[in-house]
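Values quoted throughout were computed directly from the atomic coordinates according to the rules given, and no laboratory measurement underlies them. This structure is a prediction, so every number in the text was calculated from the model and none was measured. All Cβ positions, glycine included, derive from the backbone under ideal geometry; neighbour counts span all protein chains shown.
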Amino acid sequence: MRKLSTLSKSGLVTGSAIAAALVLAAAPANAAPTWTVSGGGTFTGTSTNSVLTDSNTGTQLKCTSSTAKGSATNGTNLPGAGIGSITSVTWTNCTGPLNITFTVTAQGLPWALNAVSYAAPVTTGTLTGVKAHISGTGCTADFGGATSGSTATLDVKYNNTTHVLSLLGTGNLHAWSVSGLCLGLINSGDATGYKGDYSLSPATLNITSP
């Protein structure tokens, strides 16, 4: 058998490279997970165990109840980002250190509910765009993201069986603009966590992914 000429070898190599490029171009990119929402629409979530904790000092702000209202639109092949939204949040009977009574005000609404992963019956995700302000006797503070004025991302999960949206106490929530009696108990720049289990009504929302 005759040896291939240098030109022939070069042609074969070039042809192989072109063929490989065509195969790669024809291959579909890894598609992002798609999501299905059923039983959606507007909902109201109620929590009786809402707790804000300063991770650096251990200081806690507890509220006897919290109500969140939001919505999720029914559909298939939906992106996980913005699969739902929280349009209002209120807290009642909130107390902190030194028995100070606080008013908590949600800011930056609506907050986006985002689906990230699914292991039946639980969807794990995030709540983004979060900001809030607290005020009490001689004590005020803002809460947001990792830098002053930014919004926070909170880790959440939603259970299709119990219809409970849980805020897990993790994410990048921080305290800012702390003043008055809060100083030393809560400090500007302190990492904080917010936990609460919100039971949804009507109990119909289902979020799934193949």
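Set the Förster radius R0 to 45 Å, insert the Cβ-Cβ distance between LEU183 and ASN74 as r into 1/(1 + (r/R0)^6), and round the FRET efficiency to 0.05.
For R0 = 45 Å, the calculated efficiency reads 0.40.
Please give the net charge around LEU173, taking every other residue with its beta carbon less than 13 angstrom from that of LEU173, where Lys and Arg add +1 and Asp and Glu add -1.
-2
From the Cα gyration tensor of the stretch 144-209, with a ≥ b ≥ c the square roots of its eigenvalues, which class applies: rounded if a/c is under 1.5, or else prolate if a/b is larger than b/c, or else oblate?
The shape class here is prolate.
Any chance you could run the full-extension gain for THR101 through SER88? It's 0.36 nm times the residue separation minus the Cα-Cα distance, nm to one decimal.
Length gained, THR101 through SER88: 2.6 nm.
Rounded to whole Hz and in sequence order, give me ³J(HN,Hα) for the stretch 120-132 from the Karplus expression 6.51 cos²θ - 1.76 cosθ + 1.60, θ = phi - 60°, writing x for Gly and Pro.
After applying 6.51 cos²θ - 1.76 cosθ + 1.60, I find 2, x, 10, 9, 9, x, 9, 10, 10, x, 7, 8, 7 Hz.
When a/c is below 1.5 the answer is rounded, else prolate if a/b is larger than b/c, else oblate, so apply that to the stretch 35-208 with a ≥ b ≥ c taken from the square roots of the Cα gyration tensor eigenvalues.
prolate
Can you list the HN-Hα couplings for the stretch 64-73, worked out from phi with the Karplus curve (6.51, -1.76, 1.60; θ = phi - 60°), rounded to whole Hz and with x for Gly and Pro?
My calculation for the stretch 64-73 gives 5, 7, 8, 10, 10, 10, x, 7, 8, 8 Hz in order.
Report the label-to-label distance for LEU168 and THR48 in nanometres (one decimal), using points 7 Å from each Cα along the Cα→Cβ vector.
Output for this residue pair reads 2.6 nm.
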